[in-house]
Amino acid sequence: MTLLKTLAIAAAGLMLTLGAAQAAEGQQPAKGISFSFEGPFGTFDRAQLQRGYKVYKEVCAACHSMQYVSFRNLHEPGGPEFSEEQVKVLAAGYTVQDGPNEAGEMFERPGLPSDRFPSPFPNEEAARAANGGAYPSDLSLITKYRPGWYGTFNQLVNGIGGPQYVYSVLTGYVADDQLTEELRAEQPEGKHYNPFFANGHWIGMPPPLADDQVTYDDGTPATVDQMARDVSAFLAWTAEPKMEERKRTGFMVMIYLGILALMLYLVKKRIWANAH
């Protein structure tokens, strides 16, 4: 038994060490901000998701695709819940390639609610050419594949911190005139220092946000912090659009299992009541 305990402690320590080493090599742990959708009973803030969509559309969509999201998803329960008319207008604001037509040619048309968000570039080569060789990642699932912190137990308790990662990158740029001489010496041309970026500390994307860059329909001040929080929440929804439904289902399952356990216990007591 002592040997098993020793091995378990050693394995746990090894996992924690590996997690910390991975974070040290790749990125600084994300900022510990909180969101309304965290926890077993957390839900998305509809107003925040709508603001986050606006930040994506007016800032992020110029470079980043969102290929796994359809316009109609913006109307579905559990998300931003735009009205059907709003979704039609939002979709029509995009140009989508369709075809071939009767002449065998591709053509462009206004977007429809059934369409997925179109990519801003026709292919990867064009995307790299427009961004100094860097390839802007698709944002549909970014909060699922970009962890904000590492460590097995930390992620088990707090999740992987994907939304916190997005927020930290957006707010974590260090201006060139604030870099140390050592960092200036190693700074690649056209790169910007961001200690939260996963692929090393040098990122090709310049700081994308500035105060009052968008105008929120609900009058919320469009600070960098607010826009970063809103778009991080929106991208958390695109990565897990059925989160609220999953939580409700899980809660009902737990109630069912609790009642079932109680019934089984009472049946057991009844069957064995006269046993000696």
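The values are calculated or read from the model by the stated rules, or taken from the named source; none is laboratory data. Fair warning: this is a prediction, and the values are worked out from it, not measured in the lab. No Cβ is skipped: glycine too gets one built from the backbone with ideal geometry, and neighbour counts run over all protein chains shown.
Some observations on this one:
- Per the conditions (1) touching a residue at least 12 places away in the same chain (Cβ under 8 Å); (2) part of a helix (DSSP H, G or I), the sole criterion not satisfied by Leu264 is (1).
- Taken as a whole, the condition of being touching a strand residue (DSSP E or B) at 6+ places or on another chain (Cβ under 9 Å) and of a type in the set (D, E, K, R) applies to Glu108.
- Residue, surrounded by the fewest Cβ atoms within 10 Å (Cβ to Cβ), within region 78-89, restricted to residues that are in contact (Cβ under 8 Å) with a residue 24 or more places away in the chain and not aromatic (Phe, Trp, Tyr): Glu84
- Positions within region 267-276 being assigned to a loop (DSSP other than H, G, I, E, B) and not aliphatic (A, V, I, L, M), in sequence order: Trp272, Asn274, His276
- Taking the numbered list (1) under 19 Å from Asp138 (Cβ atoms); (2) more than 21 Å from the chain's Cα centre (by Cα) in turn, His192 passes all entries but (1).
- Of everything in region 90-117 that is part of a loop (DSSP other than H, G, I, E, B) and in contact (Cβ under 8 Å) with a residue 12 or more places away in the chain, the residue that is nearest to Ala239 (Cα to Cα) is Phe117.
- Pairing residues of region 236-258 that are over 23 Å from Asp138 (Cβ atoms) and touching a residue at least 60 places away in the same chain (Cβ under 8 Å) with residues that are in a helix (DSSP H, G or I) and not hydrophobic (A, V, I, L, M, F, W, C), at Cβ distances under 7 Å and at least 6 apart in sequence or on separate chains, gives no pairs at all.
- Filter result for Asp230 (farther than 25 Å from Tyr150 by Cβ, charged (D, E, K, R) and either in contact (Cβ under 8 Å) with a residue 60 or more places away in the chain or crowded, with 19+ Cβ neighbours inside 10 Å (or both)): yes
- Ala10 vs. criteria surrounded by fewer than 11 Cβ atoms within 10 Å (Cβ to Cβ), in a helix (DSSP H, G or I), at pLDDT below 95 and out of contact with any Pro (no Cβ under 6 Å at 6 or more places or on another chain): yes
- Ala61 vs. criteria within 23 Å of Pro207 (Cβ to Cβ) and either in a loop (DSSP other than H, G, I, E, B) or among the hydrophobic types (A, V, I, L, M, F, W, C) (or both): yes
- Residues being assigned to a loop (DSSP other than H, G, I, E, B) and surrounded by fewer than 14 Cβ atoms within 10 Å (Cβ to Cβ) - total across region 118-142: 5
- Within region 202-213, the set of residues being over 20 Å from the mean Cα position of the chain (by Cα) and either of a type in the set (S, T, N, Q) or surrounded by 19 or more Cβ atoms within 10 Å (Cβ to Cβ) (or both) comprises Gln213 only.
- Screening Val224, Val157, Val169 for residues that are free of Cβ contacts under 8 Å to residues at least 60 places away in the same chain, within 21 Å of Ser34 (Cα to Cα) and in contact with a helix residue (DSSP H, G or I) (Cβ under 7 Å, 6 or more places away or on another chain) leaves exactly one candidate, Val224.
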